[in-house]
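Comments concern the structure below.
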Amino acid sequence: MIRVTLLLLFNAVCLVSVTWAGDIESFPYSEKRDLNSNGHRCYATVAIENPRLSVKESLSVTYRFYNTSGNGFYYNPFFESLFPLPAQLAVYDTNKKFVCDLLEFKMGSRCLPSASVWTHIPNKCYVGKDFSLGIQELPPGEYYLQMIFIVAFVSSNPQHQENSSAQSVEFWVKAFMRSLDRRELFRSNIVKFTVTE
């Protein structure tokens, strides 16, 4: 009943979220890859506070995104959870097979992003966030963690579209959501962690 209500109230957003959740599985395990195209020269890092923890503990992850060349606007670099996210936090098992996305949207409300969700990050600056994530669904074992960004992360800020007005900005935001580009763009480093009973 709750799920149906969410679909009725947030039709476009929830449908995008459901589609998005499965796309990470098409991203096979791969080494770190920086972004170096179309004027963007950037990279991301992830670090784990405690690489060995019990299944009852939370996994503390620090993410950083570094812009090393030029100025640019980036979509939702602070990972505001009310809006679709620009990356997945992928977990792979010891055989380097995908297990889950720790940032996967499962339930709750989401909003259409406004132009303010795009953040200007100047040259040689960085942004980041600390995550505290439950791992109760992971059985004991060793895992690899990596952040995988999608093409939507470097999409144009609707506020800067030609002849933008309040009405046209809303148009561009809705167009962005309809054609949300979930192809892989670049990847962070990989960190290893162990879950115990």
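The values are calculated or read from the model by the stated rules, or taken from the named source; none is laboratory data. Note that the structure is a prediction, hence the values are computed from the model and not measured. Here Cβ is always computed from backbone atoms with ideal geometry, including for glycine, and neighbour counts include all displayed protein chains.
What to note about this one:
- Where strands (runs of 3 or more DSSP E) fall wholly inside the stretch 95-197, the ranges with 1 or more residues that are among the β-branched types (Val, Ile, Thr) are 98-101, 118-121, 125-134, 141-150, 191-196.
- Any hit, the stretch 82-96, residues being over 30 Å from Ser168 (Cα atoms), out of contact with any helix residue (DSSP H, G or I) (no Cβ under 8 Å at 6 or more places or on another chain), at pLDDT below 95 and not polar (S, T, N, Q): no
- Among residues of the stretch 100-145 being among the polar types (S, T, N, Q) and within 16 Å of the chain's Cα centre (by Cα), the one that is farthest from Tyr74 (Cα to Cα) is Ser132.
- Checking each residue in the stretch 80-94 for being of a type in the set (Gly, Ala, Ser) and either exposed (fewer than 15 other Cβ atoms within 10 Å of the Cβ) or in a loop (DSSP other than H, G, I, E, B) (or both) picks out only Ser81.
This table checks each residue for (1) under 18 Å from Gly141 (Cα atoms); (2) in contact with a strand residue (DSSP E or B) (Cβ under 8 Å, 6 or more places away or on another chain).
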| position | (1), (2) |
| --- | --- |
| Asn50 | yes, yes |
| Ser54 | yes, yes |
| Leu85 | no, no |
| Lys97 | yes, no |
| Cys100 | yes, yes |
| Glu104 | no, yes |
| Ser114 | no, no |
| His120 | no, yes |
| Asn123 | no, yes |
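- Test: residue in the stretch 177-192 that is loosely packed, with under 15 Cβ neighbours inside 10 Å, closer than 27 Å to Thr68 by Cα and in contact with a Leu (Cβ under 8 Å, 6 or more places away or on another chain): yes
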